[in-house]
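Here is the structure we will look at.
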Ligand SMILES: Nc1nc2c(ncn2[C@@H]2O[C@H](COP(=O)(O)OP(=O)(O)OP(=O)(O)O)[C@@H](O)[C@H]2O)c(=O)[nH]1
Ligand SMILES: [Mg+2]
């Protein structure tokens, strides 16, 4: 295998050189933007660095063998070469017209879509490089549908490396499940949804504990759900209360723990939460994020919790946004799984279990049909 790096202002130009040197069987291994020249960082020129490879057996000769001496034959060859060159230039010109930025148009469209989905640049770049290989590997003749399928398969494979293909029902392994997260993201509502489904659909014996004694209204809110669902509830003002509640609910199948939403970008609030509830052991903790929040803030909050036992995530308010990149960004950079996505205020219906194919559909704009 021969590998070579090329630098050109645009993808079509790079492809033209690669085709000329390596022939049509060349495979693109990687592309990235590089900046060249300039003065003190100014006036730099954007270029594209493309790494291409060819199986040495497939390599085409660089130039056509010129015919020996006969004059007219020489002329014919020259004319043919000139025509070939012209045809090549026309093709390249057409491609430039078809090309937005550096990528061929269908891939540029994908880039645009994933950008609007707020997928991180490094993840987007990896996926698009995969698509570039597929595109050029198929002679640039794929239909948008085929390319779309290829992208979906690619994303699915990456997500499957983190998240099991089929959602596990129920998705929790421990008896105690606590939800933690920033203010107003939907922790209490989601807890009520989980309780409702587990009780009504799976016939589980459910109990609630709340450590959110920060606001009176918070206790009342969970008590209201407890009444509707006919589920017992204990309010834990201290760790002792919490231990007592655990004893009280020893016969129950699933005990759901609500907690106070705080500004968890501040580590002191995380410490405070740790004092109210023991993390780890027999308690599974789920970090709840609203998809209406900024990704940078979510990441910051995840970092604050990282040293604790955060096994899973829930994303709420998917119905209030058009950008779902944060889910895959957190999943792929932090290797932590989303278990539920919530898509409305209705208890218990607006609660969806997550699988890689679900996330792919959501990301590709088919959220209504999942
Ligand atoms: N549109 C939409 N609204 C939601 C969703 N989940 C929850 N909500 C709404 O978000 C608001 C806050 O929900 P809560 O469950 O009280 O949020 P919380 O995280 O417990 O809030 P604090 O305990 O105050 O931190 C309520 O009006 C919910 O109805 C959702 O999936 N979609
Ligand atoms: Mg709450």
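Remarks
- Angle in degrees between helix 239-248 and the longest Cα principal axis of the chain, rounded to the nearest 10: 80
- R0 of 35 Å, Cβ-Cβ distance residue 75-residue 105: FRET efficiency to nearest 0.05: 0.35
- Note on the chain: GNM, Cα springs under 10 Å; of 153, 312, 79, the largest mean-square fluctuation is that of 79.
- Principal-axis tilt of helix 144-160 within the chain, Cα atoms, nearest 10 degrees: 50
- Relative contact order (%) - criterion: Cα under 8 Å, at least six apart; region: the chain: 16
- Counting only alpha carbon atoms, the long axis of helix 216-229 and the longest principal axis of the chain meet at about 90°.
- Backbone N within region 261-275 under 14 Å of label point (7 Å from residue 239 Cα along the Cβ vector): 271-275
- Computed from Cα atoms alone, the Kirkwood hydrodynamic radius reported for region 257-370 is 14.9 Å.
- Additional length obtainable on full extension of the chain from residue 275 to residue 140, 0.36 nm per residue less Cα span: 42.7 nm
- Length gained when the stretch residue 228-residue 126 is fully extended (0.36 nm per residue, less Cα-Cα span): 31.9 nm
- Based on C-alpha pairs under 8 angstrom that are at least 6 apart in sequence, region 231-340 has a relative contact order of 22 percent.
- From the Kirkwood radius over Cα pairs of the chain, Stokes-Einstein at 20 °C and 1.002 mPa s returns a whole-number translational diffusion coefficient of 88 µm²/s.
- Taken along the Cα-to-beta-carbon direction at a fixed 7 Å, the label points for residue 5 and residue 345 span 5.6 nm.
- Gain in span if fully extended, residue 25 to residue 294, counting 0.36 nm per residue against the direct Cα distance: 92.5 nm
- Seen from all directions on average, region 166-240 presents a Cα convex hull projection of 5.8 nm².
- The overall shape of region 109-260, judged from the alpha-carbon gyration tensor, is prolate: a/c is not under 1.5, and a/b is greater than b/c.
Just so you know, all these numbers are worked out from the coordinates, no wet-lab data involved. All values derive from a computational prediction rather than experimental measurement. Reconstructed Cβ throughout: ideal geometry from the backbone, glycine too, with neighbour counts over all protein chains shown.
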